[in-house]
1. List the number of the failed condition for Glu70; all other conditions in (1) part of a helix (DSSP H, G or I); (2) open to solvent by 70 Å² or more (accessible area, probe 1.4 Å); (3) more than 30 Å from Val133 (Cβ to Cβ); (4) not basic (Lys, Arg) hold.
2. Take the stretch 5-25 and flag every residue that is small (Gly, Ala, Ser) and within 21 Å of Lys72 (Cβ to Cβ).
3. What is the residue count in the stretch 34-48 for residues that are among the basic types (Lys, Arg) and modelled with pLDDT under 75?
4. Touching a helix residue (DSSP H, G or I) at 6+ places or on another chain (Cβ under 6 Å), polar (S, T, N, Q) and over 28 Å from Arg129 (Cβ atoms): does that describe Ser33?
5. Which one of Arg25, Arg83, Arg62 is part of a helix (DSSP H, G or I), of a type in the set (Lys, Arg), within 11 Å of the chain's Cα centre (by Cα) and surrounded by 20 or more Cβ atoms within 10 Å (Cβ to Cβ)?
6. Do you know which residues across the stretch 96-134 are within 17 Å of Gly21 (Cβ to Cβ) and under 16 Å from the mean Cα position of the chain (by Cα)?
7. Can you work out which of the residues in the stretch 97-128 that are free of Cβ contacts under 8 Å to residues at least 24 places away in the same chain and among the charged types (D, E, K, R) is most open to solvent (accessible area, probe 1.4 Å)?
Amino acid sequence: MLEDLHLVAESGRAVAVFHAGMEQRDALADALSWQVNRRFQAEALEAEKVIELRAAAGLADRIDEHRGVEAKAPIRVNGDEVRLLIEAVVAYVSERDTESYQPPEERARIGELSALLDPLFDLAIELDRADDVLGGTAL
């Protein structure tokens, strides 16, 4: 569940603002960073991929800005960024959630990410609908 979720208009696009605890933020930032390393550094980058890389890395940096701070902190994302989060979470969980031994920290991270997946899909739908109303560019 995404706490204190608000949708706001920003430059003709819908932006979601919600608060996340330290565990959620750390798990999302770790999944994004893992996705950037795994996906983008293993292949030759074309201009479009460089843009995706910068967007994903920038989002990971924004989410990771308050690492170690136990208080809830706001996260601001648009529809494209939510889809980046979903892609990173799905890839991370599907590859890392195995039957073999996982350290407790990894199990906790996988649990946080798994719990966030449905709310992120719901948020993507909400942002797309709001973008349609605002005349945004989301599909």
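The values are calculated or read from the model by the stated rules, or taken from the named source; none is laboratory data. Please read all numbers here as calculations on a predicted model, not as lab measurements. Every residue, glycine among them, receives a Cβ derived from its backbone with ideal geometry; neighbour counts consider all protein chains shown. For the accessible areas, the whole protein counts, side chains as well, though only heavy atoms, and no ligand, DNA or RNA atoms are used. Shrake-Rupley method; radii C 1.70, N 1.55, O 1.52, S 1.80 Å.
1. Result: Glu70 fails condition (1) only.
2. Filtering the stretch 5-25 down to residues small (Gly, Ala, Ser) leaves 9, 11-12, 14, 16, 20-21.
Residues satisfying the conditions are Ala16, Ala20, Gly21.
3. Narrowing the stretch 34-48 to residues among the basic types (Lys, Arg): 38-39.
Next, only the ones that are modelled with pLDDT under 75 stay: 39.
Within the stretch 34-48, residues that are among the basic types (Lys, Arg) and modelled with pLDDT under 75 number 1.
4. yes
5. Details: Arg83 fails: surrounded by 20 or more Cβ atoms within 10 Å (Cβ to Cβ); Arg62 fails: surrounded by 20 or more Cβ atoms within 10 Å (Cβ to Cβ).
Checking each option against the conditions leaves just Arg25.
6. Arg109, Ile110, Gly111, Glu112, Leu113, Ser114, Ala115, Leu116, Leu117, Pro119, Leu120, Leu123, listed by residue number.
7. Per the stated criteria, the residue is Glu99.
Matching residues to (1) among the β-branched types (Val, Ile, Thr); (2) at pLDDT 95 or above; (3) touching a strand residue (DSSP E or B) at 6+ places or on another chain (Cβ under 9 Å):
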| position | (1), (2), (3) |
| --- | --- |
| Val77 | yes, yes, yes |
| Ile86 | yes, yes, no |
| Arg96 | no, no, no |
| Glu112 | no, yes, no |
| Asp131 | no, no, yes |
